[in-house]
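S.K.: For reference, the structure I am asking about is given below.
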Amino acid sequence: MDISELHAIAERERARRTSIRIHCCTSSGCMASGGVVLHEQLTKAVSAAGRQAEIETVAVGCMGFCGLGPMVVVEPEHLIFERVRPDQAAELVGALAGKPCSIERGDPQHPFFARQLPIVRRNGGQINPERIEEYIAAGGYQALYHAVHDLEPNEVIEELTRSGLRGRGGAGYPTGLKWATVAKSRGERKFVVCNGDEGDPGAFMDRSILESDPHLVLEGMCIAGYAVGASQGYLYVRGEYPLAISRLQKAIGQARRLGILGSQIFDTAFDFKIDIRVGAGAFVCGEETALIASIEGRRGQPRPRPPYPAEQGLWGFPTLINNVETLANIAPIINGGADWYASIGTAQSKGTKVFALTGKVRNTGLIEVPMGISLREIVEDLGGGTPDGVAVKAVQTGGPSGGCIPASLFHTAVSYETLAEVGSIMGSGGMVVMDASTDMVELARFYVDFCMDESCGKCIPCRVGTIQLHRLLSRIRAGEASRAELDDLEQLCNLVRDTSLCGLGQSAPNPVLSTLRYFREEYEALCQPEP
Amino acid sequence: MERLKLATVWLGGCSGCHMSLLDLDEWLLELATVADLVYSPISDVKIFPSDVDLALVEGAVANDEHLELAHTIRRQTKTVVALGDCAVTGNVTALRNPLGSVRDVLQEVYINHGSPRAVVPDTSGIVPVLLDRVLPLHAVVPVDIFLPGCPPSAARIKGLIETLLAGKVPTEPVRFG
Amino acid sequence: MSARTLTINQTLVSAREGESVLEAARDAGITIPTLCHLDGLSEVGACRLCLVEVAGSSRLLPACRTTVSEGMQVQTDTPRLQEYRRAIVELLFAERNHVCAVCVASGHCDLQDLALHVGMTHVRYEYLAPSCAVDTSHPRFGIDHNRCVLCTRCVRACDEVEGVHTWDIAGRGVAARVITDLNVPWGEATSCTSCGKCLLACPTGAIFPRGSTVAEVQRDHSSITRIMTARGERW
């Protein structure tokens, strides 16, 4: 396949389109609130109105405003309809002919939309994720073509390094450096692995990307394969994401048929295949060494690093492991250039980050915001504060591995360093908002309960330490503990953090430590008075 | 020199630790020259006295009487020693804990593996009430010194008492079982 | 093979290239406590008892999985490490039902020795007292899960030395258990060769030879009866 063929596909797709497109979200969130039925009803309503020639209905991916789903957006006028019921389909189609309409209308200038900067989510809500033509019409696979035809592998890595992209899985390791290490590592074979085992409670960024724009991730993986010298990729997706898995399978098949995946990609000597591996429900398999063990067909539990997967990964070969969102950033960086990407964000943290905004907040859903935006802007402006207008107390970032940030620190700009400074982490992007009614001790206990349940049991501090943490928190919660036991709690947290084998255990005490740091009085109020 | 007020206590245990203490034989006569045994299962004192210098506590805390006595001991004693594995870990006395609560334990003992009559005896007001969980002494009151062993040998007990009589802090490594 | 010189506890130590810090320390007569390590088996770095401080690393590193390097500065026995080791051993004692007094391994048990070595006087954590199974379905050996510390030495000995892989782990967290074959009773595990390597590898009394426990003692009175009757018959 040639670049002209790619352009031809895009041209044919644009020519095929009707003048009006009704975009109906069919991602998991809107699906749960009736999006698929709505899409069928809209299609029927268009037929009933006899307007098929000028209007088409498109089942698109996530638009982000999940709390107001199912969402419908009519292009090119960009009319937003919220919480549309299937029985309102005819009314909505009628509204396009100027008839009165009672469906809730959204404001495109609403800060929830206006303050976002979609890069990895730019196709979300715009294209049908099940048709590769739509992705190509939106400029898809041009970055891959450009990379394999015009750039040397080291030039791709150089571009990525200059862009300043860092791992979006949470730890923020410089992506360019990781790629360079894998590229330099010697091995008969090399692998690219996409980590789609998103497991933090309240996080659904990766699911949305995989469901809404699967080709973007495939393209990122292909470019990664070209850059590091791998010919096989594995997409590890958790089994709880059946829609993502089926769309990815469809996408892989489509790309293969067009010669974009497989042998001699774009008529070059570069071969790259992608296979899906489905997780079986263990949170710890999001840890890279456990994930590798799981792909190899072994029990999903971590092993000590070093050696890092970049040197010894899948079956002992050099392996690049990147998170879904990281890989979704690759094609935009190759297309837009490192300088453009590096112009977004802060000095140390470049680009955008997708957050799943949930909890006691008016506007729940997915947002993609530039690094450096303050927590206050996210919670108050995009999130619209709490639903009943009471004060926000804190946000938890980074899920069970992260920490709680009190409202007094909401001026904190979002970046890897600043969030770490205040005792939390960037994490994969979960952001849970809490108001005054949230019991912080109970919150800490909830997250410890999660980690205790998900501990694989390999190392002692995580296996037994988390259960002892949970016991102690339960005692405190029940008002049975003395103040002296708060020190025991802290010591146990330090033990689990410092001695656990993998990130799960090392970060499990974070919710306890951060709530102890900022909301110690809530713990103390529950303790028995000193004799 | 002020004479040491020594108490030895028998909570939920087999009395093996006391047997070990008695194994000190004639050294006990030497001990008697410097210490008064103010409370012990081998004496006939019914009430734990106040102002005890040293209490050697054998056994785990298994019933409400143990619990009350443990608190009394702590209140009225300078140095409390958890003597033997039962006091230190729960040991054999705590073997019932995996069975569940007292109700589960009694069910197991008297009904599932019990006599042909198969009833749980009603002992309220006669026999102390069992706690749901058998606990080591330090889970109930602060303990100053731990001397595990099942039982700790006579020599170890002697070593500990000698160290304490000399006003020193025991540093001898300990072994369980 | 070239040599490496490193410092362990302020002492200069020479080691072979590729050797672990644990090996280098042992050669130099420095003891680092271990539990999941067994000479001859692969290292899993799971028990965390051999964690050491290495200058330049913010994290504690398992000595068994850390390769020596030139000029490396290692501390194996700082107060922090001592405290963590004692706490880890206490966590283990609190996890299952380790009752030395009634254990077949008492007196020759790695866990008991560890408690002594790290100076554990008592367990500060709540005893979990789980209800654990005892499997005596195998004619020669038994497994008492009350005493298992999940070190996986049996799993590795069976897999790496005997080459069978009868043992593995099922479940996760504190619910994890060593299992035979696909979680069938040991006596029904057809892959087991009854070689007994797991028994030799086990650090505690979890895997034990049949007949060694109090409840299993079989008394055969017939011989004494025969002698007595023979005496009676002769006289």
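S.K.: Going by alpha carbons, how many degrees (0 to 90, nearest 10) lie between the helix axis of C:222-234 and the longest principal axis of chain C?
M.R.: For helix C:222-234, the angle is close to 40 degrees.
S.K.: Across the range C:206-211, in residue order, what do the Karplus-derived ³J(HN,Hα) couplings come to in whole Hz, using 6.51 cos²θ - 1.76 cosθ + 1.60 with θ = phi - 60° and x for Gly and Pro?
M.R.: 4, 9, 9, x, 4, x
S.K.: Taking a Cβ-Cβ separation under 4.7 Å as the criterion for a possible partner, which cysteines of chain C have none?
M.R.: C:C50, C:C64, C:C100, C:C103, C:C109, C:C132, C:C148, C:C158, C:C192, C:C195, C:C202, each lacking another Cys Cβ under 4.7 Å.
S.K.: I've got another one for you. For B:K78, go through the aspartates and glutamates and keep the ones whose alpha-carbon is under 13 Å away, minus same-chain ones fewer than eight residues off.
M.R.: Once the sequence-local aspartates and glutamates are set aside, what remains near B:K78 is B:D51, B:D53, B:D144.
S.K.: Here's something else I'd like to know. Using alpha-carbon positions, what is the distance between the centroids of the range A:483-530 and the range C:30-61, in Å?
M.R.: The range A:483-530 and the range C:30-61 have Cα centres spaced 25 Å from each other.
S.K.: Which value in deg cm²/dmol, rounded to the nearest 500, describes the helix-derived mean residue ellipticity at 222 nm for chain A, given -39,500 (n - 2.57) per DSSP H run of n ≥ 4 and division by the residue count?
M.R.: Dividing the helical sum by the residues of chain A leaves -12000 deg cm²/dmol.
S.K.: Can I ask one more? For chain A, how big is Rg over Rh, using alpha carbon atoms and the Kirkwood form of Rh?
M.R.: Value, to two decimals: 0.99.
S.K.: Still on this structure: What pairs in A:K44/A:K273; A:K44/A:K250; B:K46/B:K158; A:K190/C:K197 have C-alpha atoms more than 31 Å from each other?
M.R.: Checking Cα-Cα distances, A:K44/A:K273; A:K190/C:K197 exceed 31 Å.
S.K.: Kindly give Rg over Rh for the protein assembly as shown, based on alpha-carbon atoms, with the Kirkwood expression for the hydrodynamic radius.
M.R.: My calculation puts Rg/Rh at 1.05.
S.K.: For the range C:84-216, take the alpha-carbon Rg, divide it by the Kirkwood Rh, and send me Rg/Rh.
M.R.: In the range C:84-216, Rg relative to Rh is 0.96.
S.K.: If you restrict to DSSP beta bridges whose two residues both lie in chain B, what percentage is antiparallel, to the nearest 5?
M.R.: Antiparallel: roughly 15 percent of the beta bridges in chain B.
S.K.: Rounded to whole Å, give me the distance from the Cα center of the range C:170-207 to that of the range B:137-177.
M.R.: Centre-to-centre distance over Cα atoms comes out at 37 Å.
S.K.: Ignoring everything except DSSP H segments at least 4 long, calculate the 222 nm mean residue ellipticity for chain B; use -39,500 (n - 2.57) per segment, divide by total residues, nearest 500.
M.R.: The per-residue figure over chain B is -7500 deg cm²/dmol.
S.K.: Then there is this: Three principal axis extents, largest first, for the C-alpha atoms of the range A:442-526, in Å?
M.R.: Largest first, the range A:442-526 extends 35, 20, 19 Å along its Cα principal axes.
S.K.: Only loop residues by DSSP count here, and only those with at most 13 other Cβ atoms within 10 Å; note down the trypsin sites (Lys or Arg not before Pro) in the range A:227-305 that meet that.
M.R.: Those satisfying the criteria are A:R298.
S.K.: Looking at A:Q312, A:G167, A:M434, which one has the Cα that reaches farthest to the positive end of the dipole of chain A (charges on Cβ: Lys, Arg +1; Asp, Glu -1)?
M.R.: About the Cα centre, the residue reaching furthest to the positive side is A:Q312.
S.K.: Excluding residues on the same chain fewer than 8 positions from A:K353, give the aspartates and glutamates whose Cα lies under 12 Å from its Cα.
M.R.: Straight-distance partners of A:K353: A:D206, A:E325, A:E368.
S.K.: In addition: Within chain C, which is the longest segment that contains none of the GluC sites (Glu not before Pro) sitting in a DSSP loop with at most 13 other Cβ atoms within 10 Å?
M.R.: Looking at chain C, C:71-235 is the longest stretch - no exposed GluC sites (Glu not before Pro) with at most 13 other Cβ atoms within 10 Å.
S.K.: Ignore the peptide's own chain and count Cβ atoms of other chains within 10 Å of each Cβ in A:448-461; give me the average, rounded.
M.R.: Mean partner-chain Cβ count within 10 Å for A:448-461: 5.
S.K.: Still on this structure, please answer the following. Of all GluC sites (Glu not before Pro) in the range A:266-309, which ones are in loop regions per DSSP and have a Cβ with at most 14 other Cβ atoms within 10 Å?
M.R.: Answer in residue order: A:E296.
S.K.: Could you let me know the centre-to-centre spacing of the range A:206-231 and the range B:78-93, using Cα atoms, in angstrom?
M.R.: That distance is 61 Å.
S.K.: Also, I was wondering about something else. Taking the 0 to 90 degree range and rounding to the nearest ten, how far is the long axis of helix C:79-95 tilted relative to the main principal axis of chain C, both from C-alpha atoms?
M.R.: 30
S.K.: Among C:G71, C:G163, C:G173, which one shows the biggest mean-square fluctuation in a GNM of chain C, springs joining Cα atoms closer than 10 Å?
M.R.: With Cα springs under 10 Å in chain C, the top fluctuation among C:G71, C:G163, C:G173 is at C:G173.
S.K.: By how many degrees, between 0 and 90 and to the nearest 10, does the Cα long axis of helix B:154-165 differ from the longest principal axis of chain B?
M.R.: Tilt relative to chain B: about 50 degrees.
S.K.: In debye to the nearest 20, how big a dipole does the range A:17-107 give about its Cα centre with +1 on each Lys and Arg Cβ and -1 on each Asp and Glu Cβ?
M.R.: 120
S.K.: Take the Cα atoms of chain C, find their three principal axes, and give me the spread along each one in whole Å, biggest first.
M.R.: Dimensions of chain C along the principal axes of its Cα atoms: 83, 40, 39 Å.
S.K.: At most 14 other C-beta atoms within 10 Å and a DSSP loop state: those are the exposed GluC sites (Glu not before Pro) I care about. Give me the longest piece of chain B that has none.
M.R.: The longest such stretch corresponds to B:27-177.
S.K.: Name the trypsin sites (Lys or Arg not before Pro) in the range C:151-235 that are in a loop by DSSP and that have at most 12 other C-beta atoms within 10 Å, would you?
M.R.: Filter output for the range C:151-235: C:R210, C:R219.
Here, each number is a calculation from the coordinates, and none is a lab measurement. No experiment lies behind these values; they were computed from the predicted model shown. Heads up, the Cβs are rebuilt from the backbone with ideal geometry, glycines too, and the neighbour counts pull from every protein chain shown.
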